[in-house]
1. Does THR67 satisfy being of a type outside the set (Phe, Trp, Tyr), within 30 Å of ALA305 (Cα to Cα) and not in a helix (DSSP H, G or I)?
2. Give GLY47, GLY39 a once-over and let me know the one that is more than 30 Å from ALA315 (Cα to Cα) and assigned to a helix (DSSP H, G or I).
3. Got at least one residue in segment 260-275 being among the small types (Gly, Ala, Ser), in contact with a His (Cβ under 6 Å, 6 or more places away or on another chain) and within 26 Å of VAL46 (Cα to Cα)?
4. Take VAL178 and tell me if it is among the β-branched types (Val, Ile, Thr) and either more than 17 Å from LEU156 (Cβ to Cβ) or not assigned by TED's automatic domain parsing to the domain that holds ASN97 (or both).
5. Check segment 56-77 and report whether any residue there is over 26 Å from HIS255 (Cβ atoms) and buried (at least 20 other Cβ atoms within 10 Å of the Cβ).
6. Does LEU295 meet the test of being in contact with a Pro (Cβ under 9 Å, 6 or more places away or on another chain) and either at pLDDT 95 or above or assigned to a helix (DSSP H, G or I) (or both)?
7. On the basis of being aliphatic (A, V, I, L, M), modelled with pLDDT under 95 and farther than 23 Å from GLU185 by Cα, does MET48 make the cut?
8. Can you find, within segment 53-78, the residue that is nearest to the ligand (Cβ to nearest atom) among those that are of a type outside the set (Gly, Ala, Ser) and within 14 Å of the chain's Cα centre (by Cα)?
Amino acid sequence: MLPAPRFTAFNPPRRILMGPGPSDVYPEVLAAQSRPTVGHLDPLFVGMMDELKSLIQYAFQTKNEMTMAVSAPGSAGMETCFVNLVEPGEKVIVCRNGVFGERMRQNVERMGAIAVLVDNEWGTPVDPTAVEAALKANPDAKFLAFVHAETSTGALSDAKTLCALAKTYGCLSIVDAVTSLGGVELRVDEWGIDAIYSGSQKCLSCVPGLSPVSFSSAAVEKLKNRKTPVQSWFLDQSLVMAYWTSAGGKRSYHHTAPVNALYALHESLRMLVAEGLENAWQRHHDMHLVLRAGLEKLGLNFVVAEASRLPQLNAIYIPEGVDDAAVRTRLLKDYNLEIGAGLGALAGKAWRIGLMGFGARRENVSLCLKALEEVLS
Ligand SMILES: *Cc1c(COP(=O)(O)O)cnc(C)c1O
């Protein structure tokens with residue numbers, strides 16, 4: 001026998017999460033998650049999943065039939081879109097203006113497809129002119145992939161214009177909406193988005209570990225006409241959907257759904273519906289303006305130009321001579337406040353202050369400004 005490890009129960013403190021995610025979870029969502037676990041094919045649970053699908057459709061503003069939550073975080077949603085739609089040898093135009101665009105490239109290349117890169121400076125949005133040039137130069141491209149809200153820099157790209165361009169040049173659009181969903185305007189059907197994925201732990205303020213995903217009928221058509229099988233068994237949508245749809249009144253086992261996490265997502269989306277999607281967008285915008293005014297008073301400068309700033313992710317330059325890690329440690333220790341470090345090219349150069357979901361409220365903004373003022377002085 002190995003010696004038995006003995007620990008006390010893990011009781012985390014209540015932090016205030018103002019980084020790039022996870023965000024503060026609604027108390028109602030935490031309560032929902034601790035309700036009794038039922039079987040993943042229990043008729044009552046299956047009924048809740050039908051509601052969950054409608055709730056995800058509302059959040060995405062889509063009528064897409066193939067709409068569900070992947071049983072894994074946003075990165076698995078990303079992989080779901082690429083692995084189901086892209087076949088080896090196909091060309092994908094990948095827009096890269098931060099960490100997550102680069103991950104899209106890696107997805108594409110790992111599945112034996114060809115990534116044509118459109119690079120834009122970190123902190124700037126994807127440039128539609130450069131995208132159109134790439135579409136013109138690559139008439140054989142099948143997809144346009146881009147990140148709507150680049151969490152590594154805080155830049156918002158014009159998803160409506162980019163998806164219209166994709167359509168004009170006969171490409172399907174693949175959109176990362178992990179940070180945008182619930183925080184800024186996003187209209188899947190109206191903007192003609194073909195494949196989209198998000199995450200539970202950003203502006204939905206749910207627990208981490210789930211990824212809402214939706215495919216348009218054109219994307220479903222592409223999936224149906226594949227010449228090669230989807231490389232991933234777990235993420236193969238045609239198998240997963242046998243569990244997520246009650247077509248013919250019967251759902252079949254694919255994998256054990258994360259039952260309690262899905263209760264949490266159901267509750268967080270119910271809260272989004274209760275608030276109203278447009279009201280949620282407005283609240284993120286309003287809180288961003290309050291935060292911005294305070295940050296400017298402290299002499300802190302934004303990484304992203306005003307026109308393309310994300311309200312839910314505020315990247316600011318670390319002032320000259322200030323110790324990045326020391327400040328974040330003090331915020332955590334003395335104020336229970338987490339803000340994000342810089343990522344990739346901005347590591348050590350910027351902080352990322354998230355105002356996501358339940359976190360986008362006045363008390364959080366005031367606490368963050370007060371704490372920063374005290375720690376920096
Ligand atoms: C957080 C994030 C992801 C990855 O999501 P995980 O849940 O961490 O796997 C992907 N894209 C963007 C834009 C993100 O902000």
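1. no
2. GLY47
3. Checking segment 260-275: not a single residue is among the small types (Gly, Ala, Ser), in contact with a His (Cβ under 6 Å, 6 or more places away or on another chain) and within 26 Å of VAL46 (Cα to Cα).
4. No; evaluated as a whole, the condition is false for this residue.
5. no
6. For LEU295, the condition - in contact with a Pro (Cβ under 9 Å, 6 or more places away or on another chain) and either at pLDDT 95 or above or assigned to a helix (DSSP H, G or I) (or both) - is not met.
7. Values: aliphatic (A, V, I, L, M): yes; modelled with pLDDT under 95: no; farther than 23 Å from GLU185 by Cα: yes.
Judged against the criteria, MET48 is not a match.
8. Filtering segment 53-78 for residues that are of a type outside the set (Gly, Ala, Ser) and within 14 Å of the chain's Cα centre (by Cα), the one nearest to the ligand (Cβ to nearest atom) comes out as PRO73.
The values are calculated or read from the model by the stated rules, or taken from the named source; none is laboratory data. Keep in mind the model is a prediction, meaning the values are calculated, not measured. In this analysis, Cβ positions are derived from the backbone assuming ideal geometry, glycine residues included, and neighbour counts consider all displayed protein chains.
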